[in-house]
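A short reminder: the numbers here are calculations on the coordinates, not readings from a lab. Just so it is clear, the model here is predicted, and its values are computed rather than measured. Cβ: placed from backbone, ideal geometry, glycine included. Neighbour counts: every protein chain shown.
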Amino acid sequence: MSRAKRIMKEMQAVKDDPAANINLEFVSESDIHHLKGSFLGPPETPYQGGRFIVDIEVPMEYPFKPPKMKFDTKVYHPNISSVTGAICLDILKNAWSPVITLKSALISLQALLQSPEPNDPQDAEVAQHYLRDRESFNKTATLWTTLYAEGGEEVANPNVDEAALYGIDPTVVQEFVAQGFEKTKIVEVFRRMGLKNLDMNDNETVNKVVEELLR
Amino acid sequence: MNSDEEYSLVYDDDDDDNDSLDFYEALPATEFAINISKSRSHLSQSSEFDIEEDPLSNDDMAESMLDVHVSASAKRALTEGSVPDLKYECLTTEDIFHRMLKRVDHLQPIFSIPHEDILLLMQLYDWNEERLLEDWTEKMDILLEESGIHVSHNSNGIEGNDKNGNIRGVKFQESFNCIICCEEKSTETFSLECGHEYCIDCYRHYIKDKLNKGNVITCMDCSLALKNDDIDKIMGHQSSNKLMSSSIKSFIQKHNNNYKWCPYTDCKCIIHLKDTSSFAEYLRVHCSPFVSCKSSHRFCFSCGFEIHSPADCDITTTWIKKAKKESENLNWVLSHTKECPKCSVNIEKNGGCNHMACSSCKYEFCWICSGDWKPHGSNFYQCTMYNNEDSKSKTSVEDTSKTLKRYTFYYRMFNEHEASAKLDWQLGQTVENKVKHLQEKIGVSWIEGQFLTESLRALNEGRTALKWSFAIAFYSDPSHNLTKIFVDNQMLLSNSVEDLSELLQIKNPEKIMNKKTDFYNKAGYVTNRTLALIQCGRDLLRKGICKPTN
């Protein structure tokens with residue numbers, strides 16, 4: 001029964017340290033092995049101002065096996081899947097040690113937002129964006145933070161520009177829309193080809209894009 | 001090539017590939033033996049043989065086999081594919097561990113730190129001595145910290161305790177609050193010099209899982225390493241052995257170029273290839289590196305399958321892959337029972353011999369082709385030949401079904417022989433018992449009983465070669481002359497194997513001693529035919545007549 005005791009103690013530790021601004025609560029009273037944690041986006045990063053919610057599943061063998069964590073909040077980050085919220089972090093896998101707590105794991109996630117490791121990516125598309133054009137990446141990540149992490153709840157916002165959501169230059173998208181292509185399709189093709197920007201005079205690439213669009 | 005009264009394999013000069021084709025012709029066994037050793041020394045020797053072979057009746061064969069002698073080295077060279085260059089040894093995990101300890105002993109004077117610490121370093125460096133020594137001379141102190149031998153200065157070890165001397169080991173605490181399990185109790189605890197102290201239960205939990213991983217186990221909170229001695233203290237007597245054997249397992253996996261596990265179930269042997277530099281050269285000259293472990297399991301070092309000569313590793317893997325893919329379709333066709341061709345009674349084959357006699361109508365037939373046995377017995381065996389002429393006139397629409405049919409045929413042959421080989425092996429067990437029985441009952445000495453074991457071995461090798469020869473035949477160009485010769489050789493071997501197999505179905509053990517020469521003759525003939533088939537298959541491969549296709 002050491003697991004239950006330990007989880008309760010960890011909850012207490014989180015409550016005892018309000019300065020860390022970390023939140024940890026049970027999803028339901030009846031199941032102490034399923035929790036939600038949340039923390040603030042680190043300052044001076046595109047994630048500043050957001051509160052990120054993490055889904056935590058505590059396995060039977062805890063604390064000798066790592067807890068399963070994934071982001072509920074959508075995050076634009078090289079080591080976090082933009083689709084599922086899965087996290088690529090060594091301490092949640094083979095580098096886990098029983099001395100790590102849920103609190104320290106959440107702090108590690110916070111640190112991960114602070115310093116991405118694009119060379120060991122979870123989301124290749126995002127990682128490429130990060131490596132190729134940091135400024136554009138930061139813009140997109142900030143947009144995601146505003147959209148998904150600030151309200152606390154995920155709202156489907158119909159006014160969000162799809163192109164901006166994936167850091168694609170809206171003017172270029174507009175060019176293709178003018179040619180009569182559907183916007184969703186254009187964004188999809190750009191994402192698939194790993195393009196964020198395009199020089200309309202670069203005929204070779206433009207042709208490739210058109211080819212893909214016509215498929 | 002059907003048999004009239006005479007069966008002849010004549011090589012004509014017009015064939016482009018007739019250099020060094022000398023040794024796989026259907027030679028009479030006597031000449032064959034000499035020829036093998038000759039051809040080994042003069043591989044390029046080109047000579048021509050014009051041999052006529054009578055359809056040997058069993059008696060003739062027995063006579064001609066009387067003075068057969070195959071030189072042991074030539075035999076080994078062909079069946080095991082080993083030239084003196086392939087140096088390997090069979091080890092167990094214990095052997096490897098002892099060697100590791102020896103290497104540690106050897107390094108001890110250079111490092112002058114305790115043996116256990118060197119063991120840790122070697123584990124960290126995957127037993128790469130050179131790299132370790134290089135790093136050791138460059139940055140000894142950092143290395144000692146990194147490897148967790150010394151307490152790291154910038155670790156978050158409990159400050160100040162260092163001087164008080166945290167004692168490494170198990171202690172008893174009256175009231176201890178363990179931060180892992182959050183229980184307060186009087187318990188034994190464990191800590192290393194870093195002072196990170198946890199209750200023994202948590203430590204046991206922590207270590208238990210890690211024992212199977214084979215990596216160095218560290219303190220839960222820092223990089224200080226637990227030594228084998230510590231593990232034994234926590235987990236009880238000799239638990240570190242488990243860690244060591246998992247460590248050796250991962251060592252073998254990492255060095256699988258020259259270390260391989262014996263693929264046989266439950267066999268704990270490890271084959272270590274001593275000289276990897278000549279290995280590529282060896283592969284070029286010989287098809288496959290066959291090795292044999294201490295429990296005399298023989299397998300191919302490259303692909304990990306059983307002895308698959310005359311096929312090479314490529315053919316073998318392609319064949320196995322194909323078999324896996326196709327087997328679902330074919331399995332139902334190749335069920336283990338057959339109906340008697342005459343009275344349709346269901347027959348299960350419970351012995352290795354393909355000469356069947358229906359228990360209900362006494363009809364004698366061949367298990368493979370379901371044809372009457374009579375033509376098989378005295379004449380040359382046609383079962384191994386897939387008749388291409390049959391389908392020649394058919395339209396291209398039937399082409400695919402033809403390939404499938406062709407494959408089905410070869411796959412079935414392969415399977416039949418595999419099944420037979422298994423049954424032969426079972427038969428072998430009974431024969432062994434019979435030999436023992438003989439020893440006790442009629443006072444036959446052990447050495448005199450050996451002819452049975454020898455015969456079994458020959459039978460087994462013959463069957464395996466025969467089995468894999470169908471993989472070769474399937475991938476070979478059927479129109480080529482050499483393929484035809486190969487098929488002829490297949491037939492000869494098939495015949496001799498069935499003969500021997502039948503002989504081994506000993507009905508009355510008392511009379512067995514009288515048949516001793518029979519056994520010797522037939523086993524010898526099987527061995528020679530096996531060698532001929534292997535050699536011929538090798539040439540098919542070498543000349544590119546047999547190529548794996550998907």
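Key figures for this structure:
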| quantity | calculated |
| --- | --- |
| Using distinct alpha-carbon pairs, which all enter the 1/r mean, Kirkwood radius of region B:404-542 in Å | 15.9 Å |
| Where only alpha carbons of region B:231-296 are counted, the Rg and the Dmax (Å) | 16.1, 54 |
| Simple spin-label estimate for B:LYS268 and B:HIS255 in nanometres, 7 Å along Cα-Cβ | 2.0 nm |
| Signed unit charges on C-beta, dipole axis of region A:3-149, positive-most listed residue A:VAL75, A:PHE52, A:PRO98 | A:PRO98 |
| Alpha carbon convex hull of region A:3-149, projected area averaged over orientations, nm² | 8.5 nm² |
| Cα centroid separation - region B:208-267 against region A:1-40, whole Å | 35 Å |
| Other protein chain Cβ atoms within 10 Å, averaged over every residue that makes up B:179-187 | 4 |
| Order of B:HIS308, B:HIS297 - criterion: other Cβ atoms within 10 Å of each residue's Cβ, fewest first | B:HIS297, B:HIS308 |
| Gain upon complete extension [A:ASP31, A:ASP16; 0.36 nm per residue less C-alpha separation] | 3.2 nm |
| Residue pairs, from the table A:LYS9/A:LYS65; B:LYS294/B:LYS441; B:LYS321/B:LYS405, whose Cα atoms sit over 20 Å apart | B:LYS294/B:LYS441 |
| 25 °C / 0.890 mPa s Stokes-Einstein diffusion coefficient of region B:105-247, Kirkwood radius on C-alpha pairs, µm²/s | 153 µm²/s |
| Debye, to nearest 20: dipole size of region A:162-214, +1 on Lys, Arg Cβ, -1 on Asp, Glu Cβ | 180 debye |
| Rh (Kirkwood; distinct C-alpha pairs) - region A:162-214, Å | 10.7 Å |
| Distance between modelled label sites at B:GLN439 and B:ALA323, nm, 7 Å Cα→Cβ extension | 3.4 nm |
| Equivalent ellipsoid, region A:80-214 (semi-axes from 5 times Cα gyration tensor eigenvalues, Å) | 34, 17, 12 |
| Phi-based couplings in Hz for region B:432-440 (Karplus 6.51, -1.76, 1.60; Gly and Pro marked x) | 4, 4, 5, 4, 4, 4, 4, 4, 6 |
| Computed [θ] at 222 nm, deg cm²/dmol, chain A (DSSP H ≥ 4; -39,500 (n - 2.57); rounded to nearest 500) | -11500 deg cm²/dmol |
| Unit charges on C-beta of K, R, D, E only; dipole of region A:3-149, Debye | 240 debye |
